[in-house]
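The values are calculated or read from the model by the stated rules, or taken from the named source; none is laboratory data. Remember, it's a predicted structure, so these values are computed and weren't measured experimentally. Cβ atoms come from the backbone with ideal geometry, glycine included; neighbour counts cover every protein chain shown. The area values use the complete protein model at the heavy-atom level, side chains included, leaving out ligands, DNA and RNA. Shrake-Rupley method; radii C 1.70, N 1.55, O 1.52, S 1.80 Å.
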Amino acid sequence: MPRQVDHEERRRRIVEAVCALIDEQGLEGVNLRDVAVRAEVSMGAVQRCFRTKEEMLRFALGHIGRRVTARAHGRVVASPAQSAASTVGHVVGEVALLGDEHRAEARIWLAFLAAAAVDPSLAAGLRTSYADLEGLLARLVAEASPALDARREARTLLALADGLTGHVLIGHRTAAEAADLLHAHLAGLWGMS
């Protein structure tokens, strides 16, 4: 009897291999042979899952975006007893990818961000992730302080989180300094000192 192939598991292994290669070498370090070796599958298996390198990269971008967004949504669900203001802080903290445990995701995200500046299909994937996060943050900001322009504040928070991610990755700020900057911005938003 032929062995059953779990296609979703294979795609997951391949995308994890793609992400590991991006983390180590950037987008230009991703090639079919290295992905197959890292995922422990044949090159043919990679090609059956993804017709082109671009399709594979778009899927990897979506994978990272879904992970970050799922964690952000998870912070909302995990903290229903907290105030909306503190939940905003937790969500923005997740999006900023400041923790050591998220350093690889931060490098991968910023590699995609740089490539998206010249690749419309990657830019579309990033816009989708940002739109979901912006919507979540806008709802929380509106709940925390109805007097604020929730959509504008959500956009500002996303831009601040992205900027701090880059600053931490290049060593311009430590993760603790970046977290302090986020906290100070949020305290100012809610009128606390």
Exactly one of ALA104, ALA36 is within 25 Å of GLY26 (Cβ to Cβ), open to solvent by less than 10 Å² (accessible area, probe 1.4 Å) and part of a helix (DSSP H, G or I), and that one is ALA36
Could you check, for the range 108-123, whether at least one of its residues is touching a helix residue (DSSP H, G or I) at 6+ places or on another chain (Cβ under 8 Å) and under 15 Å from LEU189 (Cβ atoms)? no
Based on this model, can you work out whether VAL68 counts as open to solvent by 60 Å² or more (accessible area, probe 1.4 Å) and on the phi < 0 side of the Ramachandran plot? no
Taking ALA114 and the conditions (1) over 30 Å from ALA150 (Cβ atoms); (2) open to solvent by 30 Å² or more (accessible area, probe 1.4 Å); (3) aliphatic (A, V, I, L, M), which numbered condition does it fall short on, given that it satisfies the others? (1)
Somewhere in the range 126-147, is a residue in a loop (DSSP other than H, G, I, E, B), open to solvent by 40 Å² or more (accessible area, probe 1.4 Å) and out of contact with any Asp or Glu (no Cβ under 7 Å at 6 or more places or on another chain)? yes
How do the pairs read when you match residues in the range 73-85 that are under 17 Å from ALA142 (Cα atoms) with residues anywhere that are modelled with pLDDT of 75 or more and assigned to a loop (DSSP other than H, G, I, E, B), using Cβ under 6 Å and keeping only pairs 6 or more apart or on different chains? ALA85/TRP190
By residue number, the members of the range 96-118 that are without any contact (Cβ under 8 Å) to a residue 12 or more places away in the chain and among the acidic types (Asp, Glu) are GLU101
Could you check, for the range 132-149, whether at least one of its residues is of a type in the set (S, T, N, Q) and modelled with pLDDT of 95 or more? no
